[in-house]
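The values are calculated or read from the model by the stated rules, or taken from the named source; none is laboratory data. Just so it is clear, the model here is predicted, and its values are computed rather than measured. Methodologically, a virtual Cβ is constructed for each residue, glycine included, from the backbone with ideal geometry; neighbour enumeration extends over all protein chains shown.
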Amino acid sequence: MRGFHAAVTPFARPVEEPRTDQRTYRLMSRIRMSLALSLCALLVLPAVAGAHPGQRGFNRTFPVASGLCAKVANGHTPKRLQGSTDKVAGACATLKTSFTDAQNAYTTGVAPLKQQATDAVKALRATCRQARADHNPAACKTARQSTRTTIQGLRTQVRTLATAYHTSVDTARKTFWATIRALKGGSTITPDTTSGPAPTTSLPSDSQVTG
């Protein structure tokens with residue numbers, strides 16, 4: 001037919017699949033992003049300075065002092081103390097050392113006491129097993145009372161160590177803040193007023209000392 005022109009539809013270009021190297025690059029980018037986010041999450045976790053079971057860490061023991069020490073360590077000494085940065089840093093180092101020494105003394109002291117308590121209970125159970133085999137309940141009863149007396153003595157020693165720990169840590173707190181408050185501008189900082197409770201160590205109770 002004259003004057004008629006058939007419409008010619010151009011072929012659609014096929015969608016090209018991403019090249020292998022492009023897919024690999026995108027995958028590696030996603031992995032790097034995931035790793036970066038995970039690292040950031042780890043960095044914002046609160047620090048627990050050398051805490052052991054039953055013990056408070058440095059930050060919880062001295063919340064105000066630890067905050068001040070962290071600022072100084074990061075180069076952000078409060079304006080009121082900027083003329084005494086070195087002295088504050090020295091006081092922080094002394095406080096941390098005293099705290100670590102007190103923790104180590106307590107941990108070292110209670111470890112053998114806990115082992116003695118464990119050994120005493122094991123020995124009692126062995127004695128009572130033999131006593132039952134020998135039909136001699138009196139032997140088990142005597143051993144039980146003796147073991148309870150032994151563990152009561154161990155508890156007393158643990159309390160003595162806890163008292164010594166608390167005294168050392170509290171003395172360190174007072175010394176630190178006496179140093180800070182003697183500096184120019186230091187008297188305006190509200191100090192830590194307590195060092196918190198002493199550590200706790202669990203030993204078997206009398207009701208748990210059975211054969």
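Tell me, yes or no, whether segment 161-174 has at least one residue that is loosely packed, with under 13 Cβ neighbours inside 10 Å, under 17 Å from residue 105 (Cβ atoms) and at pLDDT 95 or above. Yes, that holds for at least one residue.
Could you grab me the full set of residues in segment 178-197 that are assigned to a loop (DSSP other than H, G, I, E, B) and touching a residue at least 60 places away in the same chain (Cβ under 8 Å)?
So in segment 178-197, the residues assigned to a loop (DSSP other than H, G, I, E, B) come out as 183-185, 189-197.
Passing the criteria: 183, 184, 185, 189, 190, 191, 192, 195, 196, 197.
For segment 106-140, a tally of residues being farther than 12 Å from residue 211 by Cα, in contact with a helix residue (DSSP H, G or I) (Cβ under 7 Å, 6 or more places away or on another chain) and among the hydrophobic types (A, V, I, L, M, F, W, C) returns 3. Checking each residue in segment 56-78 for being surrounded by fewer than 19 Cβ atoms within 10 Å (Cβ to Cβ), within 24 Å of the chain's Cα centre (by Cα) and either among the hydrophobic types (A, V, I, L, M, F, W, C) or closer than 19 Å to residue 178 by Cβ (or both) picks out 63, 64, 67, 70, 73.
What about residue 75, is it assigned to a loop (DSSP other than H, G, I, E, B), within 30 Å of residue 192 (Cβ to Cβ) and not charged (D, E, K, R)? Before you say what the answer is, go through the steps one by one.
Details: assigned to a loop (DSSP other than H, G, I, E, B): yes; within 30 Å of residue 192 (Cβ to Cβ): yes; not charged (D, E, K, R): yes.
Yes, satisfied.
If only one of 95, 81 is within 30 Å of residue 164 (Cα to Cα), buried (at least 20 other Cβ atoms within 10 Å of the Cβ) and either of a type outside the set (A, V, I, L, M, F, W, C) or modelled with pLDDT of 90 or more (or both), which one is it?
From the options 95, 81, the qualifying one is 95.
Quick check on this structure: which one of 195, 202 is within 29 Å of the chain's Cα centre (by Cα) and closer than 28 Å to residue 93 by Cβ?
Working: 202 fails: closer than 28 Å to residue 93 by Cβ.
Criteria check complete, one pass: 195.
Is it the case that segment 141-163 has a residue that's in contact with a Phe, Trp or Tyr (Cβ under 8 Å, 6 or more places away or on another chain) and of a type outside the set (Gly, Ala, Ser)? Yes, segment 141-163 has at least one match. Among the residues making up segment 98-141, those that are of a type in the set (Ser, Thr, Tyr) and either within 23 Å of residue 156 (Cβ to Cβ) or surrounded by fewer than 17 Cβ atoms within 10 Å (Cβ to Cβ) (or both) are 100, 106, 107, 108, 118.
Filter segment 57-78 for residues that are among the hydroxyl-bearing types (Ser, Thr, Tyr) and under 28 Å from residue 167 (Cβ atoms) and give the result. Give the steps one after another, and end with the answer.
Initially, segment 57-78 is screened for residues among the hydroxyl-bearing types (Ser, Thr, Tyr), giving 61, 66, 77.
Of everything in segment 57-78, those that are among the hydroxyl-bearing types (Ser, Thr, Tyr) and under 28 Å from residue 167 (Cβ atoms) turn out to be 61, 66.
Here residue 145 meets each of (1) without any contact (Cβ under 8 Å) to a residue 12 or more places away in the chain; (2) within 31 Å of the chain's Cα centre (by Cα) with one exception, condition (2). Looking only at residues of segment 198-211 that are polar (S, T, N, Q) and in contact (Cβ under 8 Å) with a residue 40 or more places away in the chain, we find that the one that is farthest from residue 142 (Cα to Cα) is 200.
Only a single item in (1) in a helix (DSSP H, G or I); (2) in contact with a Leu (Cβ under 9 Å, 6 or more places away or on another chain) is not met by residue 128, and it is number (2).
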